[in-house]
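The values are calculated or read from the model by the stated rules, or taken from the named source; none is laboratory data. The shown structure was predicted, so the numbers you read here are calculated from the model rather than taken from an experiment. Note: ideal-geometry Cβ built from the backbone for every residue, glycine included; neighbour counts use all protein chains shown. Side chains included, ligands, DNA and RNA excluded: accessible areas come from the protein's heavy atoms. Shrake-Rupley method; radii C 1.70, N 1.55, O 1.52, S 1.80 Å.
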Amino acid sequence: MRSRRGAFAVRYYRQPKQGVLHMRAATFAVGVPYSIKTTALKINSGEPRIQARQLPSNVARVLRGLHRAGYRACVVGGGVRDLLLNLKPKDFDIVTDARPEQVKKLFRRVLLIGRRFRLAHVMFGREYIEVATFRGTGEEASDPKGLVVRGNNGRILRDNRFGSLEEDVLRRDFTINALYWDYAEGRIIDHVGGLKDIAARRLRLIGEPRLRYEEDPVRMLRGARFAAKLGCKLDARCSKPIPEMARLLRAEPTARLLEEVRKLFLAGHAVASFEQLRRFGLLDELFPFLGPWMESEPKAGEFVHDALAATDRRLSEGSHASLMFLLCVFYWGPTSRAVAAGGSKSPRYRQITEAFRGIVKDSKYGLRPTKRMMADMEDVLARQALLEAQPRRRVNQTLKHPLFRPAYRLLCLRRRLGEIDEQCVLYWQKRAGLAPSRSWSKRRRVKSGRGGKRNSHGNEKTVR
Ligand code: ATP
Ligand code: MG
């Protein structure tokens, strides 16, 4: 152990210079500055470390560009946290003391975006690296330019006052998300005990939890998500206020909730996320119609679990999974119950559509699907009537419909509720030439036609 520590110490004192030399050499030799990969790291004995070569090359480029221009440059947030936990980071966020306009001058293609938070996106083809300027703290009263704007209930609506790294730390949510990997020093800067919390797999908010949730209620969802994704436990001080504060989510814009719900359910830990949401009473805020149905339907838990587990499995196999489909699963039970209670004489597909619309309309709060999602969901739900009927005519047309697959998958899941018999599923399997196994779930991910920007790991990303 001693000798290893010694070796680290030597590397720490000797390598910074070597790193710079090597970096320049590599830049001239191949024209691509991959060289940060060989930059030295500061490693104090026992201190967790991140190797520069763990960073994608474009992240390294941006860090280096900022550093060379004399600015401070750090990787912060999920990138640092996930590397320390041996997970593959979804994206890497960079923070600097350069202002967005200064960042713009340093790189060829930079988009300045965001209203609530002004950010720079450094573009590399369709990929981009997000660069934020350190944010300041302090009282709004001393902020004559209105760079920080709060709404009623203390919610932060705009936050564009810049500051130092030390101030920036305090604006972050959880301690494990407030670790900075400093490019120049090659070490992790931890002002809030995030390293200890990572080691203990503990989620702790920076500051007073109630105030932090008031400032931004989505932090409650983030807490549930990180608990699920990282297998961390939310510290008692942070978990206790959630059930009574969960209703603050009602005032959140739909787009932001949808973005967070996507991350909860489409990142490979849908089963665990659902569990966490339920545990903290957040599920009722997002899907108020679901709890009452699940409590009164004995097989509902298994039905929903099957869908969530299938989503996780598909993603782990590299297949596509959609939030629209999961929402269909969540809505199905309450919708079919409303149909049964309605006793209408209209065709079944219409009854389903009307019942579904009624549930959405009657929900005073909760996650509102977008118009496009609503249209697709209506189709998938109503299509159950068609699939149940096993028609002999126009079968090809049914099979070719773009929403046949999700409708068929919902039909399969409904076996769990005892609504569909095996023979009906076999009928469609045979017609569609689907293997009885999960072969359809192994389809490769279909490239989405949307031309959205992608972050450093190819994920589409929206701005807070
Ligand atoms: P992941 O990328 O895996 O979803 P992340 O922690 O990187 O997790 P991002 O949404 O990418 O999450 O945000 C990057 C960082 O910005 C966070 O790690 C955190 O420090 C900060 N942050 C994000 N959202 C908030 C928030 N609502 N309140 C305070 N800080 C936040
Ligand atoms: Mg991130």
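Of all residues in segment 204-231, those that are over 18 Å from L258 (Cβ atoms) have Cβ atoms under 7 Å from Cβ atoms of residues that are β-branched (V, I, T), 6 or more apart or on another chain, in R204/T175; I206/T175; I206/V192; E215/I156. R171 meets each of the listed conditions (1) in contact with a strand residue (DSSP E or B) (Cβ under 7 Å, 6 or more places away or on another chain); (2) more than 10 Å from ligand 1 (Cβ to nearest atom); (3) open to solvent by 30 Å² or more (accessible area, probe 1.4 Å) apart from (2). Can you find a residue in segment 262-269 that is within 12 Å of the chain's Cα centre (by Cα) and more than 16 Å from ligand 2 (Cβ to nearest atom)? Yes, some residue in segment 262-269 is within 12 Å of the chain's Cα centre (by Cα) and more than 16 Å from ligand 2 (Cβ to nearest atom).
Just to be sure, is R161 at pLDDT 95 or above and away from ligand 2 (no atom under 16 Å from the Cβ)? In short, no. Take the conditions in the same structural domain as L403 (by TED's automatic domain parsing) and touching a helix residue (DSSP H, G or I) at 6+ places or on another chain (Cβ under 7 Å) and apply them to L264. Does it pass? Taking the combined requirement at face value, the residue does not satisfy it.
Take the conditions (1) modelled with pLDDT of 95 or more; (2) open to solvent by 40 Å² or more (accessible area, probe 1.4 Å); L264 misses just one of them, which is (2). Return yes when A251 is in the same structural domain as P89 (by TED's automatic domain parsing) and in contact (Cβ under 8 Å) with a residue 60 or more places away in the chain and no when it is not. Against the criterion (in the same structural domain as P89 (by TED's automatic domain parsing) and in contact (Cβ under 8 Å) with a residue 60 or more places away in the chain), A251 does not qualify. Within segment 74-94, the set of residues being over 18 Å from L195 (Cβ atoms) and either of a type in the set (S, T, Y) or open to solvent by less than 10 Å² (accessible area, probe 1.4 Å) (or both) comprises F92, I94. Being among the aromatic types (F, W, Y), more than 14 Å from ligand 1 (Cβ to nearest atom) and either more than 19 Å from D216 (Cβ to Cβ) or open to solvent by less than 40 Å² (accessible area, probe 1.4 Å) (or both) is true of F124. Among residues that are within 16 Å of ligand 2 (Cβ to nearest atom) and in contact with a Leu (Cβ under 8 Å, 6 or more places away or on another chain), L195 is not included. Just one of the numbered conditions (1) touching a Ser or Thr at 6+ places or on another chain (Cβ under 6 Å); (2) over 18 Å from P369 (Cβ atoms) is not true of R219: (1). The strands (runs of 3 or more DSSP E) found wholly in segment 53-120 and carrying at least 1 residues that are over 23 Å from the mean Cα position of the chain (by Cα), over 20 Å from A178 (Cα atoms) and away from ligand 1 (no atom under 16 Å from the Cβ) occupy 110-113. If you take the residues in segment 205-245 that are within 19 Å of the chain's Cα centre (by Cα) and open to solvent by 40 Å² or more (accessible area, probe 1.4 Å), which one is nearest to A270 (Cα to Cα)? Filtering segment 205-245 for residues that are within 19 Å of the chain's Cα centre (by Cα) and open to solvent by 40 Å² or more (accessible area, probe 1.4 Å), the one nearest to A270 (Cα to Cα) comes out as K229.
If only one of F117, F134 is within 16 Å of ligand 2 (Cβ to nearest atom), closer than 24 Å to H191 by Cα and open to solvent by less than 50 Å² (accessible area, probe 1.4 Å), which one is it? Even if it seems obvious, please write down each step before you answer.
Details: F134 fails: within 16 Å of ligand 2 (Cβ to nearest atom).
Going through F117, F134 in turn, the sole match is F117.
For beta carbons closer than 6 Å, sequence separation of 6+ or different chains, a first residue in segment 286-304 that is over 20 Å from C412 (Cβ atoms) and a second that is among the β-branched types (V, I, T) and in a helix (DSSP H, G or I), the qualifying pairs are F289/I359. Does segment 382-399 contain at least one residue that is loosely packed, with under 15 Cβ neighbours inside 10 Å, on the phi > 0 side of the Ramachandran plot and modelled with pLDDT of 95 or more? Within segment 382-399, none of the residues are loosely packed, with under 15 Cβ neighbours inside 10 Å, on the phi > 0 side of the Ramachandran plot and modelled with pLDDT of 95 or more.
What is the one condition in (1) touching a Gly at 6+ places or on another chain (Cβ under 7 Å); (2) open to solvent by 20 Å² or more (accessible area, probe 1.4 Å) that A310 does not satisfy? Against the list (1) touching a Gly at 6+ places or on another chain (Cβ under 7 Å); (2) open to solvent by 20 Å² or more (accessible area, probe 1.4 Å), A310 comes up short only on (1).
Any residue that is more than 24 Å from C412 (Cα to Cα) and among the hydrophobic types (A, V, I, L, M, F, W, C) - is there at least one of those in segment 327-337? No, segment 327-337 contains no residue that is more than 24 Å from C412 (Cα to Cα) and among the hydrophobic types (A, V, I, L, M, F, W, C).
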